[in-house]
Amino acid sequence: MSTAHLPPAEYYASLPKHIAGAGAVIHDGSGRILLVQPSYRTDTWEIPGGGLDMGEDPLQTVRREVKEELGLDLTPGRLLAVDWVPEQADGRPPLANYLFDGGPITQQEAQTRIHLDTDELTAWQLAAPDQWDTLLAPHMARRLHACSSALTQGTTVYLHHGFDPTRQQT
């Protein structure tokens, strides 16, 4: 079907659909990253964040989600990664995840400042890199390792389900 002469609303309706999310990589001085335990799943931890609401951009989303989930009012830093997650067997459309530097936090600051939304989260922890592969789903662990490298190297990475598509996977 040619879409060259469709009215804008019909043309836009014909385009593929995907969803987007945004997360904050909040970290301490020793490379640990703040992970949260969602109340709606027990099989994995995650980083603070969530899906974009209608009309939001990724920066607005990450600020809102961190405020809602943790009670922290943060200004996200630079973009660390964009991770493209393909369509899932359960029908979820493709997902673009935007991961931002959420800034530093110490254990003591976290204990004082974090106030969990207990409807969404049951726990938080500052987890070291050697814990990520155990605590996180495999694609999330790959994503977090890539974000950690981007954070220390001052770069931004583009990922496909946690993998760098420009490198051969082993």
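Write out, first by first residue and then by second, each pair whose Cβ atoms fall under 8 Å of each other, whose residues are 6+ apart or on separate chains, and whose first residue, in segment 64-77, is free of Cβ contacts under 8 Å to residues at least 40 places away in the same chain while the second is among the small types (Gly, Ala, Ser) and surrounded by 23 or more Cβ atoms within 10 Å (Cβ to Cβ). Cβ pairs passing all conditions: Gly77/Gly102. Residues in segment 116-170 that are closer than 22 Å to Gln88 by Cβ and part of a loop (DSSP other than H, G, I, E, B): Glu120, Leu136, Ala137, His161, Gly162, Asp164, Pro165, Gln169. For segment 20-31, the condition holds for at least one residue, the condition being that it is surrounded by 13 or more Cβ atoms within 10 Å (Cβ to Cβ), in contact with a strand residue (DSSP E or B) (Cβ under 9 Å, 6 or more places away or on another chain) and not in a strand (DSSP E or B). Within the option set Ala96, Ala89, Ala22, being at pLDDT 95 or above and either closer than 17 Å to Ala137 by Cβ or in contact with a Ser or Thr (Cβ under 7 Å, 6 or more places away or on another chain) (or both) holds for one residue only, Ala22. Pairing residues of segment 107-131 that are within 13 Å of Ser30 (Cα to Cα) with residues that are in a loop (DSSP other than H, G, I, E, B) and basic (Lys, Arg), at Cβ distances under 7 Å and at least 6 apart in sequence or on separate chains, gives Leu126/Arg32; Ala127/Arg32; Ala128/Arg32. Of everything in segment 126-170 that's of a type in the set (D, E, K, R) and surrounded by fewer than 16 Cβ atoms within 10 Å (Cβ to Cβ), which residue is modelled with the lowest pLDDT? Restricting to residues being of a type in the set (D, E, K, R) and surrounded by fewer than 16 Cβ atoms within 10 Å (Cβ to Cβ), the top hit is Arg167.
The values are calculated or read from the model by the stated rules, or taken from the named source; none is laboratory data. Please read all numbers here as calculations on a predicted model, not as lab measurements. With ideal geometry, Cβ positions are generated from the backbone for all residues, glycine too; neighbour counts draw on all protein chains shown.
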